[in-house]
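The next block holds one structure in the form of structure tokens; read it before the comments.
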Ligand SMILES: Cc1cc2nc3c(=O)[nH]c(=O)nc-3n(C[C@H](O)[C@H](O)[C@H](O)COP(=O)(O)O)c2cc1C
């Protein structure tokens, strides 16, 4: 019994130390000069199947997050992705073998959410070094008149971010696949999402095997 309690205490201490260990990631300035043409990217876009273990570079990650849903007009705070009523309700969570971060567009950085490798929540098939999860926060559509459209707009806005990711990847030799399949209950529990925050779609990101 004593051993069991010691083991449990050690486990709790290790887990909380791990959470503290997960550092914020300040992303690089986006490189606006890279990538193929839009037409070439459209021609190359496809969903990847198998991913190698090689993580994309720091610059790739910075540019990918910005392309996905970064701020492209600092004077208004508006984004690379359009959103219904400019509610900007799609949050991006990155899952790697180190932990989960959430994208802070204003600071162009990744803020720690939870330490540890939680990529299995997206299934073993199509495991990738990086998984980007899109979560819409329907509570941002606070306007009464918009109530019946909330879910629709959340889904449409997610699709726009998804296509930004797909085109950035296609233009830069990176492989990706959008997936609706995931362990939603597990994700909601891990990220402590409320009833309005809906995990919609995830993108496996990496290099083709
Ligand atoms: C909303 C949506 C959900 C998807 N969900 C999954 C999924 O759960 N698992 C999967 O392997 N692919 C998923 N896909 C990828 C599609 O299977 C893929 O886009 C389709 O086969 C067409 O192939 P392409 O993207 O190469 O043109 C999804 C795509 C979309 C747009």
Using 18 Å as the cut-off for backbone N distance, which residues of the stretch 139-169 belong to the label zone defined by a point 7 Å from the Cα of residue 59 along Cα→Cβ?
-> 168-169
Relative pair counts by distance (%), Cα atoms of the chain, 5 Å bins = 1, 7, 14, 18, 20, 17, 10, 6, 3, 2, 1, 1, 0, 0
What is the distance, in nm, between label points placed 7 Å from the Cα along the Cα-to-Cβ direction at residue 143 and at residue 209?
-> 4.7
Unit Cα scatterers, Debye sum, the stretch 102-209: log10 I(q)/I(0) for q = 0.16, 0.18, 0.21, 0.22 Å⁻¹ = -0.82, -1.02, -1.32, -1.39
Degrees, to the nearest 10: 2-21 long Cα axis against longest axis of the chain = 30
Provide Rg and Dmax in Å for the stretch 55-169, with only Cα atoms included in the calculation.
-> 14.7, 44
Mind sorting 89, 75 by how few other Cβ atoms lie within 10 Å of their own Cβ, fewest first?
-> 75, 89
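Would you calculate the convex hull of the Cα atoms in the stretch 22-103 and tell me its volume per residue in Å³?
147
Return a whole-number percent for the relative contact order of the stretch 38-117, with Cα pairs under 8 Å and 6 or more residues apart as the contact set.
Values: 79 pairs, mean separation 14.8, N = 80.
So the answer I get is 18 percent.
Values in this text are rule-based calculations from the coordinates and carry no lab data. Note that the structure is a prediction, hence the values are computed from the model and not measured. Ideal geometry is used to build each Cβ from the backbone, glycine not excepted, and the neighbour counts take in all protein chains shown.
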